[in-house]
Amino acid sequence: MTKTDLVSYIAEETGLTKADSSRALEAMMNGVIKGLKKEGKVTLTGFATFEKVHKGASTSRNPRTGEPVKVAAHNVAKIKAGSKLKEALN
C-alpha cells in the first residue's frame with residue numbers, strides 16, 4: 001500500500017475529502033517525528049511503539065569493492081508492533 005492508497009482509504013472510511021485525509025496523515029507523521037525528536041519515544045497503544053535509538057560509529061564494508069567504510073554515529077527509528085497489530089496479522 002502506498003501513501004496515496006492510504007489517503008484514499010482514510011477518505012473512504014471517514015468521509016473526509018482526500019485533501020483533508022492527506023493533511024491528517026501528514027499531521028500524524030509529523031507528530032510522530034516531533035515526538036521522537038523531543039521525547040525519543042511515541043506509543044500508539046495497541047498499534048506500535050516508535051523509539052529513537054542511537055547507533056554508535058562503526059566500520060562497514062562497501063559491497064562492491066569490499067573496502068572498509070567508516071559509518072558515523074547516528075540515530076535510527078526502531079518500530080515495535082503492538083498487540084492489536086500482531087493479532088491482525090496472524
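What follows draws every value from the coordinates through simple rules; no lab data is involved. Since the model is a prediction, treat every value here as computed from it, not as a measurement. Methodologically, a virtual Cβ is constructed for each residue, glycine included, from the backbone with ideal geometry; neighbour enumeration extends over all protein chains shown.
Here are the numbers for the structure shown:
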| quantity | calculated |
| --- | --- |
| When residues of segment 40-64 are limited to those that are of a type in the set (K, R) and over 15 Å from the mean Cα position of the chain (by Cα), the one nearest to M28 (Cα to Cα) | K55 |
| Those residues of segment 1-21 which are acidic (D, E) and more than 19 Å from the chain's Cα centre (by Cα), in sequence order | E12, E13, D20 |
| Of residues in segment 13-61 being among the basic types (K, R) and not in a strand (DSSP E or B), the one nearest to H74 (Cα to Cα) | K37 |
| Where K18 falls short, out of the listed (1) touching a helix residue (DSSP H, G or I) at 6+ places or on another chain (Cβ under 6 Å); (2) at positive phi; (3) of a type outside the set (A, V, I, L, M) | (2) |
| Members of segment 22-37 found to be free of Cβ contacts under 8 Å to residues at least 12 places away in the same chain and under 13 Å from the mean Cα position of the chain (by Cα), listed by number | E26, M28, M29, N30, G31, I33, K34 |
| Criterion: more than 25 Å from A88 (Cα to Cα) and either surrounded by 10 or more Cβ atoms within 10 Å (Cβ to Cβ) or touching a residue at least 40 places away in the same chain (Cβ under 8 Å) (or both) - qualifying residue of A11, A48, A19 | A19 |
| Complete set of residues in segment 62-89 that are out of contact with any Gly (no Cβ under 8 Å at 6 or more places or on another chain) and part of a helix (DSSP H, G or I) | K86, E87, A88, L89 |
| Total residues in segment 22-40, condition among the basic types (K, R) and either closer than 22 Å to L89 by Cα or surrounded by 13 or more Cβ atoms within 10 Å (Cβ to Cβ) (or both) | 1 |
